[in-house]
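These notes concern the structure reproduced below.
The values are calculated or read from the model by the stated rules, or taken from the named source; none is laboratory data. The structure displayed is predicted, hence computed values, not measured ones. Here the Cβ positions follow ideal geometry from the backbone for every residue, glycine too, while neighbour counts run over all protein chains shown.
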């Protein structure tokens, strides 16, 4: 699909992620097969200068801001999920920091991983799909991510991101801290750009219905509870992040096939 060029899914294709089982029995959710969600395709090879060139991979940019590392952990799991789908590659990026080093030091924020590059707004147009991750501040995205979206005005003016599939994943300190509202309030950013919001719904299966443990995440996207900053993501939270990456890769691949 042409780098956010306004591609839409074919009306003749079945919806992605619709389970085959009876929806009245959610405990059968684990039987949802990702192979049924992601239609297979034979990638087209290209010949240049007499040599066969491998097909170019679709790219999903995983763009995040992480204060204490929780969102970054989810981002890396999400990349693993994206990379598991043939023909699709996840690429990690940070958004620019807006706080001064001395402020970050007072907050005891750990040093950032220099292996993950910082992205500028103009770089978004190189993606075939986008996943944005950020912690919450009073039920909406952190100021660093909002500042990044605010810097995309030229892309909005030129309509460069219209039709680009995009999703969210979040981190909150408490159970009532905004696992849903943080993603929900971020949808306005996509709407103004004409991007296509891709939630995960209940495609994670029975794990979405379990009540026996604390778990971040919602139909809007993966999530983690950070507590006071020291809580480690649970195995279920990590699995949900990997699932979202795999699911998003299937959506992007499906869009590319229909273009």
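Screening residue 238 with (1) part of a helix (DSSP H, G or I); (2) in contact with a strand residue (DSSP E or B) (Cβ under 9 Å, 6 or more places away or on another chain); (3) closer than 23 Å to residue 151 by Cα; (4) in contact (Cβ under 8 Å) with a residue 24 or more places away in the chain gives one miss only, at (3).
Residues that are within 19 Å of residue 128 (Cα to Cα) and either buried (at least 23 other Cβ atoms within 10 Å of the Cβ) or modelled with pLDDT of 95 or more (or both) within the stretch 56-76 comprise 58, 59, 60, 61, 62, 63, 64, 75, 76, listed in sequence order. If you go through the stretch 211-243 and pick out every residue that is touching a helix residue (DSSP H, G or I) at 6+ places or on another chain (Cβ under 8 Å) and more than 18 Å from residue 136 (Cβ to Cβ), you end up with 6.
Going through (1) closer than 22 Å to residue 90 by Cα; (2) modelled with pLDDT under 95; (3) buried (at least 22 other Cβ atoms within 10 Å of the Cβ) one by one, residue 236 falls short only on (3). Taking the stretch 184-219 as the range and being in contact with a strand residue (DSSP E or B) (Cβ under 7 Å, 6 or more places away or on another chain), under 19 Å from residue 245 (Cα atoms) and modelled with pLDDT of 95 or more as the test, the residues that pass are 186, 187, 190, 195, 196, 197, 198, 199, 200.
Output the residue which, of all residues in the stretch 119-143 that are surrounded by 14 or more Cβ atoms within 10 Å (Cβ to Cβ) and without any contact (Cβ under 8 Å) to a residue 40 or more places away in the chain, is farthest from residue 249 (Cα to Cα). Only one residue fits best here, namely 137.
Scanning the stretch 76-111 for residues that are over 17 Å from residue 252 (Cα atoms) and touching a helix residue (DSSP H, G or I) at 6+ places or on another chain (Cβ under 8 Å) gives 77, 93, 95, 96, 97, 98, 99. For the stretch 102-113, the condition holds for no residue, the condition being that it is modelled with pLDDT of 95 or more and over 15 Å from the mean Cα position of the chain (by Cα). The set of residues from the stretch 151-183 being modelled with pLDDT under 95, crowded, with 19+ Cβ neighbours inside 10 Å and part of a loop (DSSP other than H, G, I, E, B) comprises 177, 178, 179.
If you check 82, 88, 116 for being in contact (Cβ under 8 Å) with a residue 40 or more places away in the chain and within 13 Å of the chain's Cα centre (by Cα), only one passes: 82.
Of note, residue 186 does not satisfy the criterion of being within 16 Å of the chain's Cα centre (by Cα), crowded, with 21+ Cβ neighbours inside 10 Å, in a strand (DSSP E or B) and in contact (Cβ under 8 Å) with a residue 24 or more places away in the chain.
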